[in-house]
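The values are calculated or read from the model by the stated rules, or taken from the named source; none is laboratory data. Computed from a prediction, not measured in an experiment: that's the story for all the values here. All Cβ positions, glycine included, derive from the backbone under ideal geometry; neighbour counts span all protein chains shown. Heads up: the accessible areas ignore ligands, DNA and RNA and are worked out on the full protein's heavy atoms, side chains in. Shrake-Rupley method; radii C 1.70, N 1.55, O 1.52, S 1.80 Å.
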Amino acid sequence: MQRLRILVPRWVSWPALIALFVFVGVPSSESHVADHPAIAQTNSQPTCPPPLINGRLGTGSSDYPSASGTQTGRLSRDGVASACAAPKACAVGVSTGLRAYDAYTFRNASATAACVTVTLTVPQQLGANYQANSYRNSFDPQNICANYLGDPGASSATLSTPLVYSHTVPAGETFVVVVHTTNVGEIGGAYQLKVEGLSNCSGNPQPQLSAALSKPEACVGAGSALNASFTVTNGSLNAQPVTATATLPPALLALAGSCTVSGGTCAIGNAGTVNFSGTLNGGQSVTVNYRVQIADGAAKDAELCVNTSAAFGSGAPVTTTACVTVTCEPLGAGAALPANYAGDGQRPGSVLIFPFFTSSGASPQSQNTRLSLTNLDPGRSALVHLFFVDGDTCLVADSFLCLTPQQTTSFLASDLDPGTTGFVVAVAVGDNGCPIHFNALIGDAAVKMTSGHKALLGAEAVPALAGGLPACAPGAVTAALKFDGISYAALPRVLAVSNLPSRADGNETLLVVDRIGGNLGTGVASSGSLAGLIFDDVENAQSLRLNLSCQYWNPSFPAGATSRPEGLIPAGRSGWAKFYGNNDDALLGVVINTNPNVSAQTGAFTQGRSLHKLSYTNSAVLTMPVSPPNC
């Protein structure tokens, strides 16, 4: 494939959508932290304590994750236990000396504040005079009053009964319970710790749930593809079966095959739901990633929200919501065109097909084509991959064109592909070269020929359909443009020309028919022949046979296509014709008439237009190479 180069005066690069999602695994049962670090909650930390934590000072417990180290000083044993109804201020008893500690982090995962009761029991107090304190969010062993929540006002050696105190933990926040020695040098003694009052941990625990929708740097509008995700966490110590469902609004479509997860299973049942099921171990989190697309016709300023729910077994579900707002300006006032309306060179699309271009290397001033493309979008740049198909050999040359918002540009075929006659396919792509939904491209081709044929022909615009356009796989070198009414609008199968003037009146009619299919990287497909019927104005018909490679063009149609071309349409009369492939081929074409008597005869005209579409096929596919734009 030959690579051409187009230079456009100005260009703004296309923004990339990047999202990073992490699967968080099960933590080890014990971790060691060096002296003096702050202890903070991590996503893999279980939030629900077991009924009883059996620990040994300096090494923590195998019952629940912990961190161990040394702290500076200790709190005062003032004989007053903190309580939820009567919180007290932090008071330092001794400010010097390093003392061993174990720290346990918990979380109030409920939507309301929790009154938490902490009980510390030291079975053998000889050489094990211990205290317990609580901290909000994190514990700093160098500043034992920072983030203080409560303490029992005593140590195990001063009371024969267990040490008990309580404090309030705000909704959704973590807290740290620290067990430490009262006396410098004491370490290794056994203790039992009980933490009660977390409503999310009583009875049937509930999962923790979060969700996200990526917001691209450019505006969000019809066809915008976004990364979506939700994360489910089992904050208890025990394994739990979990199910989760993301429910999308009608204007937001889940893309089939885009759901991925590192544990369990996920599926997109239809464009409106994403389902997950699996079993999560204690402290385990799992993230479900999927892709969504803004539906065609989504109005500016509309807020589109994904509602996600998750539950353990048959327990009560928890819910969360992630939203995105449509911010792209519409292309114009009034209702948007239906995306599945293929139009006739009169609507915007994500793929433009210019059915005919020509140029002369020797006389470009008399035979040439001016190709024009316009990006209608007021907020987004357009990257366009251009493919120039040689109508004789079916070989393809390509180039890239980059347009800023609302920019238009024109270029001559003689500057890019001199001496070639064929058709052009223009595809809107992303910055990785993959085709994208971008129904904001229009174009036309001004054609002039040494034969006298000339016309301004609108490019056939093919819209992409939201929810159906497949994304390129990572590292893909090709992509399939499926004109199936799901990814892109379907293409015509049967074409017609509504008026064929008589050649006896000096008319010469150029007929062009293209077959759309094959591989734009190695050469488009060709069809053996076309069949058809030509009629005069009193309904007499004659069969047609057109030899077609990838493009048929005949400057003197119907000569060469029927056994009686001259007598079929007499002078002063006209006819019409229709064409179709022997297979389920997708066809496009134009007709251009020239008459040398246009200035002398009232009924003589020179003009051209696209062929009429009588029926469609949903089987057409064009394979295109994928490479990043070079502009």
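General observations
- Difference of contour (0.36 nm per residue) and Cα-Cα distance, ALA316 to VAL184: 42.7 nm
- Counting only Cα atoms, the range 146-287 measures 70, 33, 27 Å along its principal axes, largest extent leading.
- Burial order of peptide ranges 424-432, 442-450 (average beta-carbon count within 10 Å, highest first): 424-432, 442-450
- Contact order relative to length of the range 392-467, as percent, for alpha carbon pairs under 8 angstrom and 6 or more apart: 19 percent
- Short-range pairs are left out: with C-alpha atoms under 8 Å and at least six residues apart, the relative contact order of the chain is 12 percent.
- Summing +1 for each Lys or Arg and -1 for each Asp or Glu among the other residues whose beta-carbon sits under 13 angstrom from that of PHE354 gives -3.
- Longest DSSP-loop-exposure-free segment, GluC sites (Glu not before Pro), the chain, at most 11 other Cβ within 10 Å: 218-538
- CD proxy at 222 nm, helix term only [per DSSP H run n ≥ 4: -39500 (n - 2.57); per residue of the chain; nearest 500]: 0 deg cm²/dmol
- Straight Cα distances below 21 angstrom link LYS613 to the lysines LYS482, LYS578, with same-chain residues fewer than 8 positions distant left out.
- Figure legend: label point modelled 7 angstrom from the Cα of GLU196 along Cα→Cβ; residues of the range 165-186 with amide N under 17 Å from it are 165-169.
- Here the chain exposes an accessible surface that is 52 percent carbon and sulfur, computed with a 1.4 Å probe and the other protein chains kept in place.
- The range 168-235: relative contact order in percent, alpha carbon pairs under 8 Å with at least 6 residues between: 27 percent
- Taken over the range 83-173, the alpha-carbon convex hull comes to 106 cubic angstrom per residue.
- Net charge dipole, the chain: roughly 160 debye, given to the nearest 20, about the Cα centre with Cβ charges of +1 for Lys and Arg and -1 for Asp and Glu.
- Residues of the range 229-245 with amide N under 16 Å of a point placed 7 Å along Cα→Cβ from SER262: 229-234
- In the full protein context, the chain carries 40 Å² of accessible surface per residue, based on a 1.4 Å probe and ignoring ligands, DNA and RNA.
- Along principal axes, Cα extents of the chain, largest first, whole Å: 122, 47, 41
- Per-peptide average of other Cβ atoms within 10 Å, ordering 514-523, 257-266, 400-409 highest first: 514-523, 400-409, 257-266
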